[in-house]
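S.K.: One structure follows; several queries about it will come next.
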Amino acid sequence: MYIIVVGAGRTGRIVIDLATRDDHDVVVIERDAELAEEVSASYDCLVINADAASKEILLEAGVEEADALISTTPIDSVNLMVTMFGKQYGVETLVSSINDPEHKELFEDLGVNIVESPHQLNGQYLYRAVQHPAIEEFMPVAGDAEIFEATVDTGAPIDGLTLIDADKDDLLPEETIIVAIVRDEELIIPQGDTEIQAGDEVTTFCGSGATSRVTEIFTAS
């Protein structure tokens, strides 16, 4: 995956670390020369020392070929400008942090995934939004364990199956438990014969983390 990360502060560094560890092609845009130099020396990625709120710089970073654009700066106007350019050039996945909740609607209108008050957890969340688009919310529990929420797509591998059938088909890895379902605003505590349906909002505990093997059973793709 080709990922452009804008900003190499606390949140951005976490995204860069996770993405490079997963061997993605990463380009970082950071206007602070010292931070840009630190990232260049620490990670296997291309670093551009410039202001990302520029069409020319984003083109230099390869925005036309990017699979994902993640903007993590502490300035919402910069994040908004970056994501607007990303939308213009057809980047499939646009992810941004947001620092002022009053700006949320502006980002939502662009179809951007949003995280408020950037900190370490949100750096992980921003990266998860790219790696696993099915995840709507996630929370680390302990060690590698995580809890996440996702909506079941029509035609997803688990759509129409009971939990017993899903287990028989080996769709749910070991230590993976669907703990709750919200259907038509009604909470369901699932049992073995509970059928998963398209549109269900499911909450899942994953002892080994929310890997692609788990999240992809809820998506049609």
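S.K.: Answer yes or no: is there a residue in region 172-193 that is modelled with pLDDT of 90 or more, buried (at least 19 other Cβ atoms within 10 Å of the Cβ) and assigned to a loop (DSSP other than H, G, I, E, B).
M.R.: no
S.K.: Please go through region 45-88 and pick out each residue that is at pLDDT below 95 and either in a loop (DSSP other than H, G, I, E, B) or outside the structural domain of Thr11 (by TED's automatic domain parsing) (or both).
M.R.: Matches in region 45-88: Asp51, Ala52, Ala53, Ser54, Asp67, Thr72, Thr73, Pro74, Ile75.
S.K.: With the requirement that a residue be exposed (fewer than 15 other Cβ atoms within 10 Å of the Cβ), in contact (Cβ under 8 Å) with a residue 40 or more places away in the chain and under 14 Å from Thr72 (Cβ atoms), what does region 6-62 give you?
M.R.: Arg10, the sole residue that qualifies.
S.K.: Now, a different point. Looking only at region 103-150, count how many residues are in contact with a strand residue (DSSP E or B) (Cβ under 6 Å, 6 or more places away or on another chain), within 20 Å of Leu80 (Cα to Cα) and either modelled with pLDDT under 70 or among the β-branched types (Val, Ile, Thr) (or both).
M.R.: Residues meeting the conditions: 7.
S.K.: Scan region 29-36 and tell me whether some residue there is within 19 Å of Tyr125 (Cβ to Cβ), part of a helix (DSSP H, G or I) and over 17 Å from the mean Cα position of the chain (by Cα).
M.R.: Scanning region 29-36 turns up no residue that is within 19 Å of Tyr125 (Cβ to Cβ), part of a helix (DSSP H, G or I) and over 17 Å from the mean Cα position of the chain (by Cα).
S.K.: Then there is this: Without any contact (Cβ under 8 Å) to a residue 40 or more places away in the chain, closer than 22 Å to Gln131 by Cβ and not assigned by TED's automatic domain parsing to the domain that holds Thr211: is that true of Ser96 in this structure?
M.R.: Judged against the criteria, Ser96 is a match.
The values are calculated or read from the model by the stated rules, or taken from the named source; none is laboratory data. Fair warning: this is a prediction, and the values are worked out from it, not measured in the lab. All Cβ positions, glycine included, derive from the backbone under ideal geometry; neighbour counts span all protein chains shown.
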